[in-house]
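Below: the structure, in structure tokens.
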Amino acid sequence: MTALEPLQQTGHSRVRRRGRELDYFSGCDYFRLASHPAVLKAAADGLKKFGLNVAASRLTTGHHKIYEILEAELAGFFGAPDALLVSTGYLTGIIVAQALAGNFSHALLDARAHPALLDAATHFDCPILKFKHRDVEDFARVVARCGRGARPILLTDGMFSHDGSAAPLKAYLKSLPRDAMIIVDDAHGAGVLGKNGRGTPDLEGVSRRQIIQCLTLSKAFGVYGGVILGTRELRHKILERSRSFVGSTPLPLPLANAALQSVKILKAKGKVLRRRLNENAQYVKTSFQKAGFEIPQTPGPIIPVYAKGARDSLTLEKHLLAAGILSPFLKYPGGDANGYFRFVISSGHSRAQLDTLINALKGFQ
């Protein structure tokens, strides 16, 4: 049975584990907004002003003005026609699938897609076909297998959490019929990728016409909750047909207020934060490569390191802890089946912290 170990955050990039403070290179709080004073104040102000919870579905008595304000800000930030706030990021794809069930002939799924997308695919009431991870040629073959007249829907992560790679959306669109759609689970890409931080579609330079972008507010935005970016028509279908949306209680009001503040911060300072994030990530990637590690050049701030075996994995984990670094050995869906170390870089890491990590890995080599 897997043991869950409690951690306590003690700073922007520090945690306490078993009574010891360590540099933290895990989690996905890319801009450290979860501990930003203005975000914390917004949460406290929201609690005082609005209370904790609406205690009802949005379709009964649980709708609140703060949700409308946050949705408008998110739609503006991402340049989307509409934004719909939902209770969790994991549910976004499922909610869309329930709303659009029966509209597609096939659901096409990246072989390393997040489990949330696999769960979503089952709600489309159509055959599910998998294709090799980020393999454009295999994707084209799978589309061809669907047959003439097919209307598929593709489900893929935007930025993949195991290595920071991005889905080749532009290439996928070339193989899809014009009436096909793509659900992009952009939990990790939103706020991080693209010139304007609008995520994988922004990075790939593609139109939103065939794309439904799903994301979470728990990573780059540092808060909680899910968001579906699409058309007004999609919003109406969700309200009419999605059991998961209709039957769930929305985001606690203080968190909605905190998320609103996070969006404002990323609107005002996003370019500076993304530049710092990318500089930090590239500094570590380049240093790891110089030290002899095979590091993929990806757009995301996630760096996977693979040990040679179980013994080396345990040795490296102990070596990192001895150097004052927490980045545990993972076996997570989408990543290598044998496990790996995933170093997540943030804009809040200092150069001294990055050098500590680099020197620790050099020492292990």
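The values are calculated or read from the model by the stated rules, or taken from the named source; none is laboratory data. If you're wondering where the values come from, they're calculated on a predicted model, not measured in any experiment. When we count neighbours, we look across all protein chains shown, and the Cβ atoms used for this are built from the backbone with ideal geometry, even at glycine. Heavy atoms of the whole protein, side chains included, go into the accessibility calculation; ligands, DNA and RNA do not. Shrake-Rupley method; radii C 1.70, N 1.55, O 1.52, S 1.80 Å.
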Rg from C-alpha atoms of the range 33-73, normalised by the globular rule of thumb 2.2 N^0.38 Å, equals 1.32
Per residue value of the accessible surface for the range 75-122 (all protein chains in place, 1.4 Å probe), Å²: 25
Output ³J(HN,Hα) for the range 126-131: one whole-Hz value per residue in order, computed from phi by the Karplus curve 6.51 cos²θ - 1.76 cosθ + 1.60 with θ = phi - 60°, and x for Gly and Pro. 8, x, 10, 10, 9, 10
More than 13 angstrom separation, counting every C-alpha pair in the range 308-365; what % is that? 62
In percent, what relative contact order does the range 121-196 have, based on Cα pairs under 8 Å that are 6 or more apart in sequence? 30
Among Leu354, Leu59, Gln297, the residue whose Cα sits farthest towards the positive end of the charge dipole of the chain (+1 at Cβ of Lys and Arg, -1 at Cβ of Asp and Glu, taken about the Cα centre) is Leu354
For the chain, what does -39500 (n - 2.57) per DSSP helix run (n ≥ 4), summed and divided by total residues, give at 222 nm, in deg cm²/dmol to the nearest 500? -12500 deg cm²/dmol
With +1 on each Lys and Arg Cβ and -1 on each Asp and Glu Cβ, how big is the dipole of the range 134-231 about its Cα centre, in debye rounded to the nearest 20? 420
Using a 1.4 angstrom probe, figure out how much accessible area the range 231-365 has per residue, in square angstrom, rounded to the nearest whole. 48
Residues meeting the amide H criterion for Leu129 (H placed from the backbone, H to H distance under 5 Å, 5 or more places apart or on another chain) are Ala107, Leu108, Leu109
At a 1.4 Å probe radius, carbon and sulfur cover how many percent of the accessible area of the range 210-365? 50
Report in % the part of the accessible area of the range 1-131 that belongs to carbon and sulfur, leaving out ligands and nucleic acids; probe 1.4 Å. 57
How large is the charge dipole for the range 1-126, taken about the Cα centre, if only the Cβ atoms of Lys, Arg (+1) and Asp, Glu (-1) carry charge, to the nearest 20 debye? 680
About the Cα centre, charge dipole magnitude for the chain (Lys/Arg +1, Asp/Glu -1 at Cβ), debye: 540
How big is the gap, in Å, between the Cα center of the range 225-288 and the Cα center of the range 86-114? 18
No solvent, one uniform scatterer per C-alpha: report log10 I(q)/I(0) for the range 137-222 via the Debye equation at q = 0.12, 0.14, 0.17 1/Å, two decimals. -0.35, -0.47, -0.67
Place a label point 7 angstrom from the Cα of Ala291 along the Cα-to-Cβ direction, then list the residues of the range 333-365 whose backbone nitrogen is under 15 Å away. 341-345, 351-365
Under 5 Å from the placed amide H of Gln9, counting only residues 5+ away or on other chains, we find Arg16
In percent, how large is the relative contact order of the range 96-239, given Cα pairs closer than 8 Å and 6 or more residues apart? 19
List the residues whose amide H sits under 5 Å from the amide H of Asp82, counting only those 5 or more places along or on another chain, with H placed 1.01 Å from N in the peptide plane. Gly230
What does the convex hull of the Cα atoms of the chain come to per residue, in Å³, rounded to a whole number? 144
Would you work out which of Phe31, Val246, Tyr306 lies farthest towards the positive end of the dipole of the chain? Charges go on Cβ: Lys and Arg +1, Asp and Glu -1. Phe31
In Å and whole numbers, how far do the C-alpha atoms of the range 1-126 stretch along each principal axis, longest first? 54, 41, 31
How large is ³J(HN,Hα), in whole Hz, for each residue of the range 100-111 in order, when computed from phi with the Karplus curve 6.51 cos²θ - 1.76 cosθ + 1.60 and θ = phi - 60°, using x for Gly and Pro? 10, 4, x, 9, 10, 7, 8, 10, 9, 10, 4, 4
Roughly speaking, what % of Cα-Cα pairs in the range 117-183 are separated by over 20 Å, rounded to a whole number? 25
Averaging sequence separations of C-alpha pairs under 8 Å and six or more residues apart, then dividing by the length of the chain, give the relative contact order as a whole percent. 24
